[in-house]
Structures are given as structure tokens and as C-alpha cells.
Amino acid sequence: MATAPLQALFDLAAHALETGDTDAAIATLVASVSQAPRASAGPARIMLTETYLLHGDLVKAADSIGSLIDEEARQLTGTWPSALARVRGRLAFNRGEQAAAIGWLEQAVSLAGSDSRALGQARLALAQAYRKTGDASILREHLADAAVALHRAGDRRTLAQLHSFSATVLAQRGRLDEADTAFDRAEGLARSAGATDVLAMVYGNQANMAALRQRLRQAHVLAERAVALEQRRRGGPGLARSLANLGQILLRLGELPRAERALHEALDARCAVQYHETSGAIYDTLAQLALLRGDYEGADEHLRAALAAFGAYGRNTGGWYAWSLRTIAARVAIRRGTPDEGLAIADELARSPATPSTEVLEAELIGIEALLRARRIDDMLARLRHTGQHLNRDAAPARWAEFQRLLGEAHFHRGDYPTAERHLRDSVGVLDQAGDRYQAAMSRWALARTQQAQGRASAADELLATAEAILEQLGASHDLDSLRAERTDPQRAVAYAAPRVRQ
């Protein structure tokens, strides 16, 4: 039995953990470990291990649980044996030891008995481990059982984590409306529990959801909120993750200096928990940034760094990131003048049954871009007709606008300038509203060619001037050089259109 002063320390630590204040929890638990008699040392070390995991320090977490001697472990009663198995499972999970993690966490479920809180926490940890195995049915089963148990226990913090995790899984499967509902529940629960670290995680995930729906300004606000909360916490894996999300969103908004700064701050903020996954995501975004600037060697270098962080492609890499890396590789190939290579990668992604529907659409658009660069206009139009059946302007406005640009370019190459102009104007309007500055510049550039082809030199030059200013602000040097050359020599636009087949 813990003494009254020791119990008070445990209560303080438990409250600090509930709110995500890992610094206070660590200070309190270190003091309690030093004061605890042997009978109470086990619970103190288990709580300290859990706190170090939350703080992102795997070395200290391993040291803390490793110092738990057999006699102390045997004296554990109540839900503490389950808690011990759970923290051992979480430690193994963060080390990438999947089989060991699942073994420990299944033991934690078994040892939880009828205690709802212990059972819910163990099942959630087990669901997170099974996500890496790709077994959707087992994942759903553990999440459902965890939700029932945590609701019964009134554990709002862990229930908020569960709803946020569920929402992320739903979003990656394209079930966005259900994901929105789960995120709203997670946000409300995290607020009511005072769990600022969980709330920051929810904001970050909501930002990703808004970005997935091309609502970039909303995504920016949410990402900034997540970073602000994590900076006040000073520690843990959340700061690097939030900065990485912010960098990705700033990149898409065309704020490249701020994006690059956030990404390098994220590299500096990494900790052992989620180190490889976070690093891979950061290098993924840096590769996109280099691609936009026309730095293809830099893009390749960052892609290699991302692959090294995630692990070999097709093995222990999360599919969410593997697809992203492959789409960047396809875009690099197209921009380097090897559209057939880009088309092959895009086709591989589009035809894979494992690729989510949202990623299939992006792969289709990349493939269409490759056909445009290869001047295979008839094949391009055939793909545009097929892809257009699966696009929804309201659900993904920026992706729809990119489709309109490609459709406009196809009609331009066939000499149907009025139809091309109509699609390209739609593209510019939607991209301006969405805030995707790079794509808006590319659509203006394409629209300028239709104006030039119809003898409207003044309108064409005005569009090119606006596109040039955007590309200069973005630092997109490769595109900028090409646009300036075309602006000073309009015959280049004519050359761009040839050869074309008239209807």
C-alpha cells in the first residue's frame, strides 16, 4: 500500500498525464520512485515508463521499465499487471518490433479482466499495432471493443485518442464524412478532459483532412493551432508532427520560405517515438518543394532520404506514405522529360487494388499529364473522359481544377480554342479560391496560350505577367525560365501546340 504522501504524488502525476503535461508528470514520478517502498515501486515505474513514451524518450522509457525487478513485478495487483504488459507492448511497438508488441498487448487485454479502463486502453494500443499489419477486420474489432470499454469507464482522454485514430483510418479509406464526425467527437472529448496534447493531435489530423479536401486555408488555421499547443507543451513527438503538417500545407499555399522553415524546425524537433515515420513525411514534403522549384537532383535526394526513413518500399513502409513517394517520383520523371517513366509509375499506382480511391485519382491525373507531355492527345482525351466520371468538384475542388486544366490543354492541342478557354477559366477560378497558387499559375499560363492562339496578345500577356509574378514568388525557377522565354517569343506557344490533330 502506498503511504498518504506517496499516494498524493501518484494523484498529481496521474493528473499531469491526463492533461499531457509530461514535464510535471516526470518530475513527480521521479520523486515518487525514489520515495516508494518496494511494494509501491512497480506502479511508479510503470507510470514513469508511460510518461517517457508520451514524452518521446524511448531510451528513458526502456531504462525505467528495465529497472523493474522481478520481485516488484510479482507484487503488482489489480490492473497494474495489465498496465505493465501494455507499456511493454507500446515500447516494442515504437521500436518497430511488431510481433513482440502484439504479444504483449494481447497479454494486457487478457490481464485487464473486467476493468473497463484497463481493457479499453489495452485494446486501443492493440488496434494501433494491428494497423501496421494491414488486417482491417481485427483493427475494427479492437476499436469497437475499446470504444465500448472506454465509454463505460468514462476515460475521456483515451476515448478522444481512439476517435482521432479511427477518424484517420476512415479518412485514409476515403470515408470522409464519417471521419469528420469522429474528429468532432475527439475534439470535444479532448477539450472536456483538458488533454492539450490530444487536442493538438486532433487539430493536426483535422488539418490533414481539410488539406485532403483541398480546403487549404482552413487546413492552415488548424495546423497553426496544433503547432501553438505543442510549442507550449515543450516536448514529445507531437511538435515535429505538427510542424511537418504545417510545412506541407504552407507548401501547397505557395508560401515556400515559411514551409521550408517549418520543415527544418520539424527535423530539429524529432524524437525517438515516430522518428522514422515523421522523418519520412518531412523528407517527402521537402522533395515536393524541390520539385516545385525545378531542383530535380534535390527532389531525388529527399526521396532517397524519405525511403531510408520509412524502410524499403513495399516492405515496412506505411502505404499512406509509399503512395505519396511514388507520385512524387512520377512527377519528377515527367518534369525531367521522361513522360513514359512517369506514366508507368502512375499506371502502377492506379491499377493497384491497395491504392486508396483518393490516391488513384491523383495517379490518374499524373498519368494524363504524362500523356500530354508525350503529345499522345487522343489517349489523353480517352483517359480524361474516364477520370472525369469519378471527380467531384465540391469534394475535391483543387483536384477538379487540375482536371479542368488538363482537359483544356487537350482541347487546345486539338485546335478547339473556345472549349479549351472555357475549361481553363474554370480551372483558374477554382484554384484561386482554393489558394493553390502554383497550380493557378500553371492554369493561367495555359489560358494565355489560348488567348495568343486566338490573336488576343494583350490578354495573353496580362495572364502571363500574373503567372510570372506567382512563379517568381514561389521560386519555381525552371517554370519561370520557360514562361519568360515564351512571353518574349510568342512563337514558342505555337511550337508548344504542335503537333495537333484538328477535328
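Please find, among G89, G96, G66, G120, the residue that is in contact (Cβ under 8 Å) with a residue 12 or more places away in the chain and surrounded by fewer than 16 Cβ atoms within 10 Å (Cβ to Cβ).
Exactly one of G89, G96, G66, G120 is in contact (Cβ under 8 Å) with a residue 12 or more places away in the chain and surrounded by fewer than 16 Cβ atoms within 10 Å (Cβ to Cβ), namely G96.
Surrounded by fewer than 16 Cβ atoms within 10 Å (Cβ to Cβ), out of contact with any Gly (no Cβ under 9 Å at 6 or more places or on another chain), among the aliphatic types (A, V, I, L, M) and not in a helix (DSSP H, G or I), is that true of A382?
Answer is no for this residue.
Filter segment 333-349 down to residues that are more than 18 Å from L361 (Cα to Cα), surrounded by fewer than 22 Cβ atoms within 10 Å (Cβ to Cβ) and in contact with a Gly (Cβ under 9 Å, 6 or more places away or on another chain), then give me how many there are.
Residues meeting the conditions: 2.
Please work out if R444 is in contact with a Ser or Thr (Cβ under 7 Å, 6 or more places away or on another chain), farther than 23 Å from M209 by Cα and basic (K, R).
When the stated conditions are applied, R444 passes them.
Could you tell me which of the residues G188, G238, G154 is crowded, with 24+ Cβ neighbours inside 10 Å and either out of contact with any strand residue (DSSP E or B) (no Cβ under 9 Å at 6 or more places or on another chain) or acidic (D, E) (or both)?
After ruling out the rest, the residue left standing is G238.
Would you mind stating whether A211 is crowded, with 23+ Cβ neighbours inside 10 Å and either over 14 Å from the mean Cα position of the chain (by Cα) or over 21 Å from A122 (Cβ atoms) (or both)?
no
Could you please find all residues in segment 419-438 being closer than 11 Å to W400 by Cβ and within 24 Å of the chain's Cα centre (by Cα)?
V430, L431, A434
State whether the residues of segment 71-82 include one that is among the aliphatic types (A, V, I, L, M), surrounded by 18 or more Cβ atoms within 10 Å (Cβ to Cβ) and touching a Lys or Arg at 6+ places or on another chain (Cβ under 6 Å).
Looking for residues that are among the aliphatic types (A, V, I, L, M), surrounded by 18 or more Cβ atoms within 10 Å (Cβ to Cβ) and touching a Lys or Arg at 6+ places or on another chain (Cβ under 6 Å), one finds none in segment 71-82, hence no.
Between a residue in segment 214-227 that is in a loop (DSSP other than H, G, I, E, B) and any residue that is at pLDDT below 95, which pairs come within a Cβ distance under 6 Å, given they are 6 or more apart or on different chains?
Listed by first residue and then by second, the contacts come to Q214/A396; Q214/P397; Q214/A398; Q214/A434.
May I ask you to list pairs of residues, at least six apart or on different chains, whose Cβ atoms are under 8 Å apart, with the first in segment 381-401 being within 14 Å of E369 (Cα to Cα) and touching a residue at least 60 places away in the same chain (Cβ under 8 Å) and the second being part of a loop (DSSP other than H, G, I, E, B) and of a type outside the set (F, W, Y)?
R399/Q214; R399/L391
On the given criteria, is V33 of a type in the set (A, V, I, L, M, F, W, C), farther than 24 Å from D145 by Cα and surrounded by fewer than 16 Cβ atoms within 10 Å (Cβ to Cβ)?
no
Go through segment 228-271 and give me each residue that's outside any helix (DSSP H, G or I) and touching a residue at least 24 places away in the same chain (Cβ under 8 Å).
R234, G235, G236, P237, L253, G254, R270, C271
For the subset of segment 130-151 comprising residues that are in a loop (DSSP other than H, G, I, E, B) and of a type outside the set (G, A, S), which member is surrounded by the most Cβ atoms within 10 Å (Cβ to Cβ)?
K132
Can you list the helices (runs of 4 or more DSSP H) found entirely within segment 1-117 that contain at least 2 residues being within 28 Å of the chain's Cα centre (by Cα)?
Fully inside segment 1-117 and qualifying: 4-19, 22-35, 38-55, 58-66, 80-94, 98-112.
Those residues that are outside any helix (DSSP H, G or I) and touching a Pro at 6+ places or on another chain (Cβ under 8 Å), I need them from segment 273-305; list them, please.
V273, Q274
In the set T22, T28, which member is closer than 26 Å to R232 by Cα, out of contact with any Cys (no Cβ under 8 Å at 6 or more places or on another chain) and touching a residue at least 24 places away in the same chain (Cβ under 8 Å)?
Step by step, each of T22, T28 is checked, and only T22 is closer than 26 Å to R232 by Cα, out of contact with any Cys (no Cβ under 8 Å at 6 or more places or on another chain) and touching a residue at least 24 places away in the same chain (Cβ under 8 Å).
Could you say whether any residue in segment 461-484 is assigned to a loop (DSSP other than H, G, I, E, B), modelled with pLDDT under 95 and of a type in the set (A, V, I, L, M, F, W, C)?
Within segment 461-484 (the criterion being assigned to a loop (DSSP other than H, G, I, E, B), modelled with pLDDT under 95 and of a type in the set (A, V, I, L, M, F, W, C)), the answer is yes, since at least one residue qualifies.
When you scan segment 418-438, do you find a residue that is of a type in the set (S, T, N, Q), modelled with pLDDT under 90 and in contact with a helix residue (DSSP H, G or I) (Cβ under 8 Å, 6 or more places away or on another chain), even just one?
yes
Quick grid of which residues meet (1) farther than 25 Å from Y438 by Cα; (2) among the acidic types (D, E); (3) modelled with pLDDT of 85 or more:
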residue	(1), (2), (3)
R258	no, no, yes
L263	no, no, yes
A266	no, no, yes
A272	yes, no, no
E277	yes, yes, no
Y283	no, no, yes
A287	no, no, yes
A290	no, no, yes
R293	no, no, yes
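Answer with yes or no whether A446 is more than 26 Å from the chain's Cα centre (by Cα) and closer than 18 Å to L292 by Cβ.
Taking the combined requirement at face value, the residue satisfies it.
The values are calculated or read from the model by the stated rules, or taken from the named source; none is laboratory data. Note that this is a predicted model, so its numbers are computed, not measured. Neighbour counts run over all protein chains shown; Cβ positions are idealised from the backbone, glycine included.
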